[in-house]
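Let me begin by presenting the structure, written as structure tokens, before commenting on it.
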Amino acid sequence: MRAASHPGLAAFARRAARVMAPAAAFLGALGLLGWVSGSAGLQAFVPGRPIITPNTAISLIVLAAGVHLLTPAEPSARRRAAGRLCGLVVIAVAAATLVNDAAGLDLRVDRLFSRWTSPRSALLPFRSAVTTALCLTLLGGGLLLFDAAWGRWSRPAQVPVLLAAVIVLAVLTGHAYGAELLFQFSPLSLRGMSLPTALGLALLAASILMARPERGVVAIVTSARLGGSMARRLLAPALAGPPLLGFVVLAATRGGGPDLSLSHALLATASATVAVALTLLTAASLNRVDEVRARVSEELRLWRDFVEQADDAIMVRTPEGTVIGWNPAAERLFGWRREEIVGSSVLTLVPDDRHPEVSMLAECLARGERVPAFETVRVAKDGTRIEVSLSLASVRDDDGRIVGMAAIIRDLRQRKAAERRYAELFESASDGIFIADPSGVIGEVNPAGCHLLGRCRGEVVGRSILEFIPPEDATRLVAAREALLDGEAQVGDWQLVAADGTRIPVEASAVIRGGRWQLFVRDQRARKAAETALARLYREEALAKAWLQGVLDGMPEAVLLVDADGNLSNNKAARRFIAAGDGAPGLDLREPDGAAVGWTELPLMRALQRGEPCSGRELVAHDAHSGQVPVLVSASPLADAGGRRVGAVSVLRDISVLKEMERLREEWTAIVAHDLRQPLNVIAMSTQVLARTAAIEPDTTAARALVRIRGATGRLGRMIRDLYDAARLDARRLTLARARVDLRDLLIEVAARTCGDADRRIRVQLPRSLPPVLADAGRVEQVMENLLANALKYGDPEAAVEVTAEVAEEMVVVSTRNRGPGLTPEQLARLFTRFYRARPEGRAEGIGLGLYIARGLVEAQGGQIWAESGVHDVVFRFSLPIARAGVDAGS
């Protein structure tokens, strides 16, 4: 028998077992010492009583050794074998004694100790008593059966040990009462169980029982249950009470003789044995009852936790309809707290129109019928009608009478809402939906499916799917059905036959779920028409692309197209600039001076990545056959209808012929300018000689003619100079002598000279601390004279021309402002180009090279020139770098 032992008591029992076995061995050692020394006190403890024999003493020691070896909870195989060997040796010695006494067969075991002498002369002083031999045999058997288990009888070793304990109890009671018959068969014989032997055997029996406190009778005593607690309280009184009571009776009768002592001893032994047995049996029964009670309590706790934590509402009612049980889920579902609803009628939760349902269900349960789960309606505290699933079960007592009814109530509102949404989706789906049984008979169809077939619902439901497909697809449908039954989903293109016989291309997907065939059908007529139209568009696009490619290949300009992914396309003319012939990495574009242009800075890539258009940028391209070719590059981004950049296009125009014509023009301009200087100088010198030598009166026609000749000669000289300078600028052959220049003095001098020549007022406003600039003084004078001349020519004759200067970072900015008509943005954009005159009409003279030359001279010296225009004034500004210490002048 197993019982749940108290850990502390079980540990105490194991420690006691480990102490009792050595104590029994100690008693055996004392007996052997008495035989060696001849001490009767060590052999009997009480004079005149039976003595412990050497056989018995050695057996006690061997048994104690066996118990010590087997005491650990998990003894090793060697310890277990040695302990059982000890039990077997003791059984052999004790059995030899029993055989000799029963059959008269002397095995001469007692002769082993014949060299020892007995203090008292008696027959066979070394042989153990029969009771001693019997107890030793029983305890030895207990060692052999230690830890053995026979089916449900888990501790067979305790049976012989308990029998030995009862015999020992009788012997000890006989010693206590002086009843010699219980420990010695004859007063003339020493072969009785001595007191040391009885004490040693008692200790060994107790140690064997207590070595395994979790099993057997000790498990009853050490149990943590109610029976163990009772046994611990009653076991000591049950064991000691009868002997003590017998002593009291003997004392009252003043001895009474040997017979009375014997009877009292027997009565005390029997009473103690019965009391202990009854105590243990009662405790074991209480333990079993307590275990069942604990198991039932645990089951009740688990059921209570299940009910409390269940997601479904659980209600318990009496047969009369009174609510007696209500879990938290029911509180959440109906809104009634437990204390509010318990004691109320179950009809509180039932709508008025469903009251008969309650009595009908109660009658079904009373007849013993099973009520399956069904859907119904119940009412919450706030009056809301709740769709629920209701499961009922009856609770019966031992006599089969119904003592209560339990209801499990599941909220169906979410499921019902989902079903309604499914129904709405089913009815409003644009695709046809067919629900059929596994054999293919249609049970449900939505309006889209009916429209697809051109039939009403009644013409479709109840008919097989085979009736709505072409005959040649029947075999394919059977194969698809077999695959569906194997759990595979089927998707493919099919044809349906409409009511008028038209075959409709559809895309069908089918699956079997819940034992039903679910088929989703999408009309493919629009898709097929779209595919046809798309194929036509593809053909048209391919034709247009081929036509466009032919146009592009026929263009003399190189055309490059790049999409958003960086894929480059080109026409035939562009392939001459792509060394590899099949990609952008072979495109080599450089600045006119030979400087390389980064790939991301190419006009095409700037248009693609930044959306920056480019028009007429002059670059040099590499031609594998012609070398370096000057080109004009234009680029613009390409966008879709939404304004998103999808690519870029770039056009490269070969301007080699234009460059050659420009070079010829520049050479012709330089030649013309050079060749015109000599006759012009002759005309100027002849005019001066004529003016000095001829006696021409002032203010005469001749004098005025000379003045006009000198003026025309000067204007023609300036034109020739401008042509020459323009030619040198274009050819990049203009030479500058840059040095530190006091710009303030230079501007004042130029303004004064120009003002004197033009007889007009020029207002100069310059800061006294104007820093020097690094420039060619002569060329700065030329720029300033040109700007002042323009201001005087095109400005208001009555207004003064203003000259100012200021420092801006590392530059000095010079400005000229004149009052007069403003310039348009188009005029400002073209103001510094060659041969352009903003106001060609009127009295202004010139060929349109002055501002072009001024721009070239300023930019050649590291500055910039620009114009700004208001409504009634025009401002020209140019900048020159400030001369810093340590910067050398040069050409």
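The values are calculated or read from the model by the stated rules, or taken from the named source; none is laboratory data. Predicted, not measured: the structure shown is a model, and the values here were computed from it. Heads up, the Cβs are rebuilt from the backbone with ideal geometry, glycines too, and the neighbour counts pull from every protein chain shown. Remember, those area values only see protein heavy atoms, side chains included, never the ligands or the DNA or RNA. Shrake-Rupley method; radii C 1.70, N 1.55, O 1.52, S 1.80 Å.
Judged by the mean number of other Cβ atoms found within 10 Å, the most tightly packed of the peptides 636-647, 500-511, 223-234 leads the ranking 223-234, 500-511, 636-647. The accessible-area ordering, largest first, of the residues PHE374, PHE247, PHE334 stands as PHE247, PHE374, PHE334, per a 1.4 angstrom probe. Candidate cross-link partners of LYS416 among the aspartates and glutamates, defined by an alpha-carbon separation under 17 Å and a same-chain spacing of 8 or more, comprise ASP312, GLU375, GLU387, GLU424, GLU427. Using a probe of 1.4 Å, the accessible surface attributed to LEU182 totals some 30 Å² when neighbouring protein chains are kept in position. Of the options (1) 1.04; (2) 2.25; (3) 0.98, only one is Cα Rg over 2.2 N^0.38 Å as computed from these coordinates, and that is (2).
A straight line joining the Cα centroids of segment 474-517 and segment 278-308 runs 62 Å. Summarising the amide proton neighbourhood of GLY822: residues at separation of 5 or more, or on other chains, whose placed amide H is nearer than 5 Å comprise ASP873. Pick out, in residue order, every one of the trypsin sites (Lys or Arg not before Pro) in segment 304-394 that is DSSP loop and has at most 11 other C-beta atoms within 10 Å; say none if there are none. In loop regions of segment 304-394 (DSSP not H, G, I, E or B), the sparsely surrounded trypsin sites (Lys or Arg not before Pro) are ARG367, ARG370. Surface analysis of the chain yields an accessible area of 54 Å² per residue, using protein heavy atoms and a 1.4 Å probe.
In the chain, a dipole from Cβ-located charges (positive for Lys and Arg, negative for Asp and Glu) runs towards its positive end, and of LEU182, LEU203, ALA510 it is LEU182 whose Cα lies farthest in that direction. Whole-Hz Karplus values for segment 827-833 come out as 5, 5, 5, 9, 5, 9, 8 Hz, taken residue by residue from phi with 6.51 cos²θ - 1.76 cosθ + 1.60 and θ = phi - 60°; glycine and proline positions read x.
Calculated mean residue ellipticity, 222 nm, the chain: -16500 deg cm²/dmol, from DSSP H runs (n ≥ 4) at -39500 (n - 2.57) each, averaged per residue and rounded to 500.
Under 5 Å between amide hydrogens, built in the peptide plane, is the criterion, and for ALA313 it picks out ILE409, ASP411 among residues at least 5 positions away or on other chains. The loop-placed GluC sites (Glu not before Pro) in segment 289-393, going by DSSP, that have at most 16 neighbouring Cβ atoms within 10 Å of their Cβ come out as GLU320, GLU369.
Mean projected area of the Cα convex hull of segment 301-426, taken over all directions, amounts to 9.1 nm². The Cα-based radius of gyration and maximum Cα-Cα distance (Dmax) for segment 295-353 are 12.6, 45 Å. Packing order of peptides 13-22, 439-448, highest average first: 13-22, 439-448 (average count of other Cβ atoms within 10 Å over each peptide's residues). Solvent-accessible surface of protein heavy atoms, probed at 1.4 angstrom with all chains present, puts LEU169, LEU412 in the order LEU169, LEU412, largest first. Working note: Karplus 6.51/-1.76/1.60 with θ = phi - 60° gives segment 853-865 the couplings 5, 4, 4, x, 5, 5, 5, 5, 9, x, x, 9, 9 Hz, where Gly and Pro are set to x. The mean of 1/r over all pairs of different alpha-carbon atoms in segment 411-551, once inverted, gives a Kirkwood hydrodynamic radius of 17.2 Å. Going toward the positive end of the dipole of segment 323-480, with +1 on Lys and Arg Cβ and -1 on Asp and Glu Cβ, which of ALA436, GLY383, ALA366 do you reach last? Checking the options against the dipole of segment 323-480, the answer is GLY383.
Among the lysines, select those whose C-alpha is under 29 Å from the C-alpha of LYS572, and discard any that sit fewer than 8 residues away in the same chain. Result set, ordered by chain and number: LYS545, LYS659.
If you average 1/r over every pair of different alpha-carbon atoms in segment 740-835 and take one over that average, what Kirkwood value in Å do you get? Every distinct Cα pair counted, the radius reaches 14.4 Å. Solvent-accessible area of TRP494, all protein chains in place: 40 Å² (probe radius 1.4 Å, heavy atoms, ligands and nucleic acids excluded). Computed over segment 1-78, the range of Cα coordinates on each principal axis works out to 48, 29, 20 Å, biggest value leading.
Backbone phi angles across segment 866-877, fed through the Karplus curve with coefficients 6.51, -1.76 and 1.60 (θ = phi - 60°), yield HN-Hα couplings of 7, 10, 10, 9, x, 6, 10, 7, 10, 10, 10, 10 Hz in residue order; Gly and Pro are listed as x.
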